Amino acid sequence: MARYTCSYIVSLPINHLQPLLIELLQECNLDVQYYTSDYILAREIPGSVPFSKFVTIEVLIDKSTATETETKMSLVFKNEELPLQVDNHCRQVFEFIKQVIEDCRHWHLTETLAG
């Protein structure tokens, strides 16, 4: 199972972050399947890759450390594909979404941690 994670601290209040993230994920051709005020579950739309390569993205918004100006979020990208190659499909989706988040004009990234 391929799995990649990254975390960000963004200069945006928590109540503004979740709607912007949902919109951003949908613009990246991902289907937002479930969300709450501190959690978002999105998945690739069927048809573009085999089922085992479908990437699921979980976004965790940390309410406990959020302030009026900054919010921490963590993303987990995973699929059933064995990461036998460095440049596998899950890694490609991870790198693409990570770049979209870093380039987003709706917020300023205070801190980035990718793993």
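Whole-Hz ³J(HN,Hα) for each residue in region 47-62, computed from phi via Karplus 6.51 cos²θ - 1.76 cosθ + 1.60 with θ = phi - 60°, x for glycine and proline: what do you get?
x, 8, 9, x, 3, 5, 9, 4, 9, 10, 10, 10, 10, 10, 9, 7
If you line up the long axis of helix 14-27 against the longest principal axis of the chain, both from Cα atoms, how many degrees apart are they, to the nearest 10?
Compared with the principal axis, the helix lies near 30 degrees.
Under a point spin-label approximation (7 Å from Cα along Cα-to-Cβ), what is the Val76-Ser64 distance to one decimal in nm?
Distance between the two pseudo-spin positions: 1.5 nm.
Keeping all protein chains in place, calculate the accessible area per residue for the chain (probe 1.4 angstrom), answer in Å².
Accessible area per residue: 57 Å².
Averaged over every viewing direction, what's the projected area of the C-alpha convex hull for region 40-101? Give it in nm², one decimal, please.
Hull-based average projected area comes out at 5.2 nm².
Which residue fluctuates most in the GNM of the chain (Cα springs below 10 Å): Ser64, Ser37, Ser74?
Largest GNM mean-square fluctuation: Ser64.
Could you please state how large a percent of the accessible area of the chain is carbon and sulfur, counting protein chains only and using a 1.4 Å probe?
52 percent
Please identify, among Thr36, Thr56, Thr71, the residue showing maximal mean-square fluctuation in a Gaussian network model of the chain using a 10 angstrom Cα cutoff.
Maximum fluctuation in the GNM of the chain, among the listed residues, is at Thr36.
The values are calculated or read from the model by the stated rules, or taken from the named source; none is laboratory data. Note that the coordinates shown come from a computational prediction; the quantities given were computed from them, not determined experimentally. All Cβ positions, glycine included, derive from the backbone under ideal geometry; neighbour counts span all protein chains shown. We work out accessible area using only protein heavy atoms, side chains counted, and drop any ligands, DNA or RNA first. Shrake-Rupley method; radii C 1.70, N 1.55, O 1.52, S 1.80 Å.
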